Amino acid sequence: MVQAIYISDIGNHEGHEVSLNGWLYNKRSSGKLHFLQLRDGTGTIQCVMFKGDVSPDMFQQADHLPQESSLTVTGTVRADARSPIGFEVSVKSLTVHQLAHEYPITPKEHGVAFLLDHRHLWLRSARQHAILRVRSEIIGACRDYFDDHGFTLLDAPIFTPAACEGTTTLFPVKYFDDTVYLTQSGQLYMEAGAMAFGKVYCFGPTFRAEKSKTRRHLTEFWMIEPEVAYCDLNGDMDLAEDFIEYVVQRVLTKRQKELTALERDLPKLANIKKPFPRISYGEAIELLQKKGIDIQWGADFGGDDETIISESFDRPVIIHRYPTENKAFYMKADPENPKVALCMDVLGPEGYGEIIGGGQREDDLALLEKKIRDHGLPEQAFSWYLDLRRYGSVPHAGFGMGIERMVSWLTGLHHVREAIPFPRMLERVTP
RNA sequence: UCCUCGGUAGCUCAAUCGGCAGAGCAAUCGGCUGUUAACCGAUAGGUUGUAGGUUCGAGUCCCACCCGAGGAGCCA
C-alpha cells in the first residue's frame with residue numbers, strides 16, 4: 001500500500017512513491033504528456049503523466065478531466081527546479097472519484113458579484129485560501145494572547161433582550177411570543193464577567209442591521225472583546241497596543257508564505273511595534289485642520305478624515321477622549337474635562353480605518369442612571385447592569401476588535417467581504 | 001436611505017449615428033514530449049435583467065420596476 005500524504009509534506013518523500021488525494025486545479029496537455037495541477041488544501045503540485053508510463057485508457061481519461069474533478073494520484077516524488085514548490089510527481093496511476101460537472105470558476109477573470117454567488121466554490125482558489133488561512137491564524141493569535149495573559153473566555157449570549165447602545169439598528173428575532181435581538185456587542189456581559197473573574201474576553205459573531213454599503217461593513221461579523229476590572233483608559237490603551245503588536249508579529253512570522261502570495265508589503269507590517277502614537281480627539285482635529293480639512297471640534301470623523309489621520313503615521317494610531325456627546329451611555333466622562341469621554345479608537349495604518357473601539361466604563365451608579373435616562377433608554381432593561389455598580393463597582397475598561405477589519409488590514413484587502421468565509425451584507429445572505 | 005455607474009453566450013467584455021448579435025476564455029472534437037491563465041485548428045453556444053412606450057426598424061432612445069457594483073451617512 002502506497003502511503004497517502006499531503007502536498008505540504010511532499011519534501012519529506014523525495015524519491016518515494018506516494019498517493020495524493022485532491023482535486024484538479026488546472027490541466028495542460030502536450031500530446032504525449034499531461035500536466036495535472038492537483039490541490040489538496042495544503043498546497044498545489046504539478047503531476048506529470050507520460051503516455052508511455054500508464055495504460056492507454058488511463059492516459060485518455062486524464063485528457064478529459066474537468067476542472068475540480070476529485071482524484072487520487074499515485075506516483076514518484078521528484079525534485080524539479082521548474083516547480084514553484086521544488087517538486088513534481090511522475091504519475092504511475094490515477095483514480096478518479098468523481099468527474100466534476102462544468103466548473104463555473106475558470107482560471108480567468110470574473111466579476112465580484114459572480115464570485116460572491118459562488119462563494120462556496122471561490123473558497124478553493126489560491127487567493128481566498130491564503131486570506132482565510134491568515135484569518136485562522138489571527139483568530140488563533142487573539143485567543144492565545146488573552147489565554148496567556150490571565151483572561152478567562154466567557155461567552156456572551158447571541159439573543160439579547162435590548163439594545164446595548166440604543167442608537168444602532170438591531171436584527172429582531174421572534175423568540176416564542178416575544179421579540180429579542182441578535183447581539184451587537186458582548187460588552188455589557190463582559191463587564192459582569194470582569195467583576196467576577198477580573199479579566200475576561202468573548203469572541204463571537206456580532207450583528208448590525210445598519211444599511212451600510214461600504215468596503216468596511218458586514219451585517220454579521222466576528223468581534224473579540226476583552227474587559228478588565230481595575231483598569232483605566234491608559235491601561236486599556238496599553239492592552240490594545242500590546243495585543244495588536246502580538247497578533248501582527250505572530251501572523252507575520254507564521255503566515256509569511258500566505259502574505260507573500262497576497263503580495264502584502266511585509267516591511268510595513270514588521271514595523272508594527274510598540275509604542276503606537278496616542279493623540280487626543282482635539283489633537284486629531286488640529287491635525288486635520290493643518291492639512292486643510294474644514295472640520296470643527298465636535299464633528300465626527302468621516303472615512304476620508306480617518307484615512308488622512310492614519311496616513312500621517314507609520315503604525316496604528318490611538319485616538320482618545322472623543323466628545324461625550326453622541327457617544328454611548330456607558331462611556332465614562334473625563335473627570336478633568338466632562339466634555340470628553342475616556343474612550344479610544346485604534347485606527348489601522350494605510351487607510352484601514354477603525355480596528356478597535358473601546359474605553360473606560362462609567363462606574364458611578366448615579367451618573368450611569370442619569371445617562372440611561374438622558375439617552376431615553378428603558379431603565380428596566382438595564383437593572384441587572386446597574387447591579388454591577390451597586391455591588392462593588394470599580395474602574396474598568398475594555399475594547400472590541402473587528403476580526404474582519406484586522407484580516408483586511410493584514411492581508412491588504414480592498415473589501416472586508418473577502419475576509420470572512422461567507423459574508424453577510426446588505427442585500428446578500430447567500431450562499 | 002441618498003448619490004453615481006452598470007446588467008448582451010456558462011464567464012469577461014465588444015457592437016460606430018437607431019440599421020444582419022460579435023470576440024476571447026470555458027465546453028465538445030482534433031493536433032502537439034515541458035506546459036506555467038500553455039498554444040494551434042474546428043464545432044456548438046443568445047427571450048440583450050423584467051414589463052411598457054417611441055419608431056419602417058430598438059442591445060442602443062423614453063418611462064417604471066428588479067438586481068448588482070462603487071461611494072456617503074453609521075460603525076468594528
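The values are calculated or read from the model by the stated rules, or taken from the named source; none is laboratory data. Predicted model, so just to flag it, every value in this text is computed and none were measured. Cβ atoms come from the backbone with ideal geometry, glycine included; neighbour counts cover every protein chain shown. Heads up: the accessible areas ignore ligands, DNA and RNA and are worked out on the full protein's heavy atoms, side chains in. Shrake-Rupley method; radii C 1.70, N 1.55, O 1.52, S 1.80 Å.
How many residues are free of Cβ contacts under 8 Å to residues at least 60 places away in the same chain and out of contact with any strand residue (DSSP E or B) (no Cβ under 6 Å at 6 or more places or on another chain) when one looks only at segment A:2-40?
Result for segment A:2-40: 8.
Just to be sure before I move on: is A:Ile285 buried (at least 20 other Cβ atoms within 10 Å of the Cβ) and within 14 Å of A:Gly348 (Cβ to Cβ) in the structure I sent? Give the steps one after another, and end with the answer.
Details: buried (at least 20 other Cβ atoms within 10 Å of the Cβ): yes; within 14 Å of A:Gly348 (Cβ to Cβ): no.
Here the answer is no, as A:Ile285 does not meet what is asked.
Taking the conditions exactly as written (among the aliphatic types (A, V, I, L, M) and away from RNA strand B (no atom under 11 Å from the Cβ)), does A:Ala381 satisfy them or not?
yes
For segment A:130-234, give me every one of the strands (runs of 3 or more DSSP E) that falls completely inside it and has 2 or more residues that are surrounded by 21 or more Cβ atoms within 10 Å (Cβ to Cβ).
By residue number, A:199-207, A:220-229.
What's the number of the only condition in (1) more than 9 Å from RNA strand B (Cβ to nearest atom); (2) open to solvent by 50 Å² or more (accessible area, probe 1.4 Å) that A:Glu427 fails to meet?
Checking A:Glu427 against (1) more than 9 Å from RNA strand B (Cβ to nearest atom); (2) open to solvent by 50 Å² or more (accessible area, probe 1.4 Å), the one that fails is (1).
For segment A:12-68, which residues satisfy the criterion of being on the phi > 0 side of the Ramachandran plot and more than 35 Å from the chain's Cα centre (by Cα)?
Answer for segment A:12-68, where residues must be on the phi > 0 side of the Ramachandran plot and more than 35 Å from the chain's Cα centre (by Cα): A:Gly15, A:Gly31.
Report yes if A:Arg417 is within 14 Å of RNA strand B (Cβ to nearest atom) and open to solvent by 10 Å² or more (accessible area, probe 1.4 Å), otherwise no. Before the answer, list the steps.
Values: within 14 Å of RNA strand B (Cβ to nearest atom): yes; open to solvent by 10 Å² or more (accessible area, probe 1.4 Å): yes.
Yes; evaluated as a whole, the condition is true for this residue.
List the residue pairs whose Cβ atoms are under 7 Å apart, where the first residue sits in segment A:99-111 and is over 19 Å from A:Ala62 (Cβ atoms), the second is near RNA strand B (Cβ under 6 Å from one of its atoms) and open to solvent by 90 Å² or more (accessible area, probe 1.4 Å), and the two are 6 or more positions apart or on different chains.
Close Cβ pairs satisfying both conditions: none exist.
Test A:Met237 against the criterion of being in a strand (DSSP E or B) and in the same structural domain as A:Leu132 (by TED's automatic domain parsing), and give yes or no.
no
For residues in segment A:106-131 being more than 8 Å from RNA strand B (Cβ to nearest atom) and hydrophobic (A, V, I, L, M, F, W, C), which is nearest to the chain's Cα centre (by Cα)?
A:Ile131
Which numbered condition trips up A:Asp57, out of (1) more than 12 Å from RNA strand B (Cβ to nearest atom); (2) modelled with pLDDT of 90 or more?
The failed condition is (2).
Test A:Gly43 against the criterion of being over 17 Å from A:Thr76 (Cβ atoms) and out of contact with any Gly (no Cβ under 7 Å at 6 or more places or on another chain), and give yes or no. Can you show your working first?
Working: over 17 Å from A:Thr76 (Cβ atoms): yes; out of contact with any Gly (no Cβ under 7 Å at 6 or more places or on another chain): yes.
Yes.
I'm trying to understand the selection: among the residues of segment A:373-412, which are closer than 20 Å to A:Asp334 by Cα and either assigned to a strand (DSSP E or B) or modelled with pLDDT under 90 (or both)?
A:Arg373, A:Asp374, A:His375, A:His396, A:Ala397, A:Gly398, A:Phe399, listed by residue number.
Looking at the structure I just gave you, is A:Val251 outside any helix (DSSP H, G or I) and modelled with pLDDT of 90 or more?
Here the answer is no, as A:Val251 does not meet what is asked.
Assigned by TED's automatic domain parsing to the domain that holds A:Ile244 and not hydroxyl-bearing (Ser, Thr, Tyr): does that describe A:Gly111?
So A:Gly111 does not fit the description; no.
Within the set of pairs 6+ apart or on separate chains, which have a first residue in segment A:47-69 that is surrounded by fewer than 17 Cβ atoms within 10 Å (Cβ to Cβ), a second that is aromatic (Phe, Trp, Tyr) and modelled with pLDDT under 90, and C-beta atoms under 7 Å apart?
Pairs that qualify, where the first residue is surrounded by fewer than 17 Cβ atoms within 10 Å (Cβ to Cβ) and the partner is aromatic (Phe, Trp, Tyr) and modelled with pLDDT under 90, are A:Pro66/A:Tyr103.
Suppose we filter segment A:1-46 for residues that are open to solvent by 70 Å² or more (accessible area, probe 1.4 Å), more than 21 Å from A:Tyr103 (Cα to Cα) and not in a loop (DSSP other than H, G, I, E, B); how many remain?
Matching residues across segment A:1-46 total 4.
Looking only at segment A:70-95, filter to residues that are open to solvent by 40 Å² or more (accessible area, probe 1.4 Å) and closer than 15 Å to A:Asp40 by Cβ; which one of those is farthest from the chain's Cα centre (by Cα)?
The qualifying residue farthest from the chain's Cα centre (by Cα) is A:Thr95.
Kindly check whether there is at least one residue in segment A:309-323 that is more than 20 Å from A:Phe276 (Cβ to Cβ) and either crowded, with 23+ Cβ neighbours inside 10 Å or within 15 Å of RNA strand B (Cβ to nearest atom) (or both). Let's see the steps before the verdict.
Of the residues in segment A:309-323, the ones more than 20 Å from A:Phe276 (Cβ to Cβ) are A:323.
Now narrow it down to the ones that are either crowded, with 23+ Cβ neighbours inside 10 Å or within 15 Å of RNA strand B (Cβ to nearest atom) (or both): A:323.
Yes, segment A:309-323 contains a residue that is more than 20 Å from A:Phe276 (Cβ to Cβ) and either crowded, with 23+ Cβ neighbours inside 10 Å or within 15 Å of RNA strand B (Cβ to nearest atom) (or both).
Got a sec? Which of A:His120, A:His101, A:His110 is open to solvent by 30 Å² or more (accessible area, probe 1.4 Å), within 16 Å of A:Gln67 (Cβ to Cβ) and assigned to a helix (DSSP H, G or I)?
Numbers: A:His101 fails: assigned to a helix (DSSP H, G or I); A:His110 fails: assigned to a helix (DSSP H, G or I).
The unique qualifying residue is A:His120.
Identify, please: which residue in segment A:242-282 is among the aromatic types (Phe, Trp, Tyr) and within 16 Å of A:Glu137 (Cα to Cα) and is, among those, most open to solvent (accessible area, probe 1.4 Å)?
A:Tyr246
Quick check on segment A:326-359: of everything there that is assigned to a loop (DSSP other than H, G, I, E, B) and among the hydrophobic types (A, V, I, L, M, F, W, C), which residue is farthest from RNA strand B (Cβ to nearest atom)?
That would be A:Leu342.
Taking segment A:374-408 on its own, how many of its residues are of a type in the set (Asp, Glu), touching a residue at least 12 places away in the same chain (Cβ under 8 Å) and either surrounded by 23 or more Cβ atoms within 10 Å (Cβ to Cβ) or under 24 Å from A:Phe197 (Cα atoms) (or both)?
Of the residues in segment A:374-408, 1 are of a type in the set (Asp, Glu), touching a residue at least 12 places away in the same chain (Cβ under 8 Å) and either surrounded by 23 or more Cβ atoms within 10 Å (Cβ to Cβ) or under 24 Å from A:Phe197 (Cα atoms) (or both).
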